[in-house]
Structure formats: structure tokens, C-alpha cells
Amino acid sequence: MTYRVRSAEQRRTEIQAQAARLGIDEAFISKLVDTFYDRVRADARLGPIFEAEIGDKWDAHMPKMKDFWSSVAMNTGRYAGKPVPAHQKLAGVSAADFETWLGLFKQTLIDIAPSTETVDYFMQRADRIAKSLQLAMYGLPGLPTRP
Ligand code: HEM
């Protein structure tokens, strides 16, 4: 096994080159986030969960989510928030809801992304983040919890 040691700067340059090759830019991120949240809000189960929490603050939520995906997909460093506490406070959100979220995100990508590689690129990242959010919310299934 060989390890490549890359500086943060090299890593950023490589990620940005890969994203550009996959047709990912700020305009695509903006369209992805707009289309995805339109669908989330129209979803019978997820819609009410988001409306209850976000209420009249969608104007702040949308640019935040564009910054988040810009940072995740293009390493732009535009997002500096804390997703874990934002989700830990959501009582009543289940693992099945995460599957619904991921399904809507994937279908949105299938509908608008320039290639299947672009779909995979986003889904690898979304799956990984969804797992870590669930780990923070529910712990490891099967492990005993403290009394
Ligand atoms: C069923 C699954 C999910 C539900 C119901 C949900 C719901 C929410 C809600 C209601 C907020 C707003 C919280 C607030 O403003 O106080 C939020 C914020 C956020 N969500 Fe989710 N979410 C889900 C899954 C995900 C996934 C899978 C990701 C990433 C791949 C994600 C990324 C984020 C981020 C980055 C924020 C902004 C946090 C911040 O900086 O304030 N969410 N989510």
C-alpha cells in the first residue's frame, strides 16, 4: 500500500479540477439545491418536517445549503457551519427519512446532472455525510447505550 502525501493546496487543486471535469460549478450547485428543496418541500413526509423547523427562514437556508455543497463538492471553503447539532435537535426523524432524503437527492441529480459520474460524485459524499449525521443522532445500532 502506498500513501500519497498531498498538501491542502494540492488536494484543493485536484478536487477543483475533478469537479470542473464533471461539469460542477456554482451555477450547477445553485440549480441542484433549488430543485432538490422544491422536491423536499413537496414531499408528504419530509415537507412538514422542514417547514416546522425552517418556517419563514428559507431565504437564509438556501444560500447556506449552496455554500455547503460548494464546499463539499468543490472544496471552496464557503461553508463553516455545524451540521451535527442542527440535526441532533430534530426529534422524530428516522433512518427511513434519511433514505427518502437520499432518494430525492439522487433522483434530482439523475434529472439534472451532466453525467452519471457526476451523480456518483455527489451521492458518494451525500451517503457518507448522511451516515455520519445518523451516527451522531442514533449512535451505533446494536451497541448498548448508557443507562
Ligand atoms: C431526513 C433527513 C434530513 C432532515 C429531516 C434534515 C433537516 C434539516 C433541517 C430542518 C435543517 C435546518 C436546521 C436549522 O436551521 O436549525 C437542516 C440543516 C442542514 N442540513 Fe439537513 N436534514 C436531513 C439530512 C441531511 C443530509 C443527508 C445532509 C448532507 C448531506 C444535510 C445537510 C444539512 C446542512 C449542511 C444544514 C445546515 C446546518 C447549519 O449550518 O445550520 N441534511 N437539515
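The values are calculated or read from the model by the stated rules, or taken from the named source; none is laboratory data. In this text the structure is predicted, and so the values were computed from the model without any measurement. So basically every Cβ, Gly included, is an ideal-geometry build from the backbone, and we count neighbours across all protein chains shown.
Of all residues in the stretch 55-78, those satisfying the criterion of being near the ligand (Cβ under 7 Å from one of its atoms) and either surrounded by 15 or more Cβ atoms within 10 Å (Cβ to Cβ) or under 14 Å from the mean Cα position of the chain (by Cα) (or both) are 61, 64, 65, 68.
No other residue among 130, 126, 95 is of a type in the set (Gly, Ala, Ser) and more than 13 Å from the chain's Cα centre (by Cα) apart from 95. If you check 109, 90, 104, 133 for being within 7 Å of the ligand (Cβ to nearest atom), in a helix (DSSP H, G or I) and closer than 21 Å to residue 41 by Cβ, only one passes: 133.
Restricting attention to the stretch 96-147, the residues that are more than 27 Å from residue 74 (Cβ to Cβ) and at pLDDT 95 or above total 2.
A quick yes/no check of all residues on (1) small (Gly, Ala, Ser); (2) exposed (fewer than 14 other Cβ atoms within 10 Å of the Cβ); (3) under 16 Å from residue 29 (Cβ atoms):
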{"position": "84", "(1), (2), (3)": "no, yes, no"}
{"position": "97", "(1), (2), (3)": "no, no, no"}
{"position": "102", "(1), (2), (3)": "no, no, no"}
{"position": "121", "(1), (2), (3)": "no, no, yes"}
{"position": "125", "(1), (2), (3)": "no, yes, yes"}
{"position": "135", "(1), (2), (3)": "no, yes, no"}
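Condition check ((1) within 16 Å of residue 36 (Cα to Cα); (2) basic (Lys, Arg); (3) in contact (Cβ under 8 Å) with a residue 12 or more places away in the chain; (4) in contact with a Phe, Trp or Tyr (Cβ under 8 Å, 6 or more places away or on another chain)) across all residues:
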{"site": "106", "(1), (2), (3), (4)": "yes, yes, yes, no"}
{"site": "113", "(1), (2), (3), (4)": "yes, no, yes, yes"}
{"site": "119", "(1), (2), (3), (4)": "yes, no, yes, no"}
{"site": "122", "(1), (2), (3), (4)": "yes, no, yes, yes"}
{"site": "130", "(1), (2), (3), (4)": "yes, no, yes, yes"}
{"site": "134", "(1), (2), (3), (4)": "no, no, yes, yes"}
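In the stretch 29-43, how many residues are free of Cβ contacts under 8 Å to residues at least 60 places away in the same chain and in contact with a helix residue (DSSP H, G or I) (Cβ under 8 Å, 6 or more places away or on another chain)? Residues that pass the stated criteria total 6.
This table checks each residue for (1) touching a helix residue (DSSP H, G or I) at 6+ places or on another chain (Cβ under 7 Å); (2) within 10 Å of the ligand (Cβ to nearest atom); (3) among the hydrophobic types (A, V, I, L, M, F, W, C).
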| position | (1), (2), (3) |
| --- | --- |
| 12 | no, no, no |
| 19 | yes, no, yes |
| 25 | no, no, no |
| 52 | no, yes, yes |
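Taking the conditions (1) more than 9 Å from the ligand (Cβ to nearest atom); (2) farther than 27 Å from residue 138 by Cβ in turn, residue 47 satisfies each one other than (2). Of the residues examined, residue 19 is not one that is under 14 Å from the mean Cα position of the chain (by Cα), hydrophobic (A, V, I, L, M, F, W, C) and modelled with pLDDT of 95 or more.
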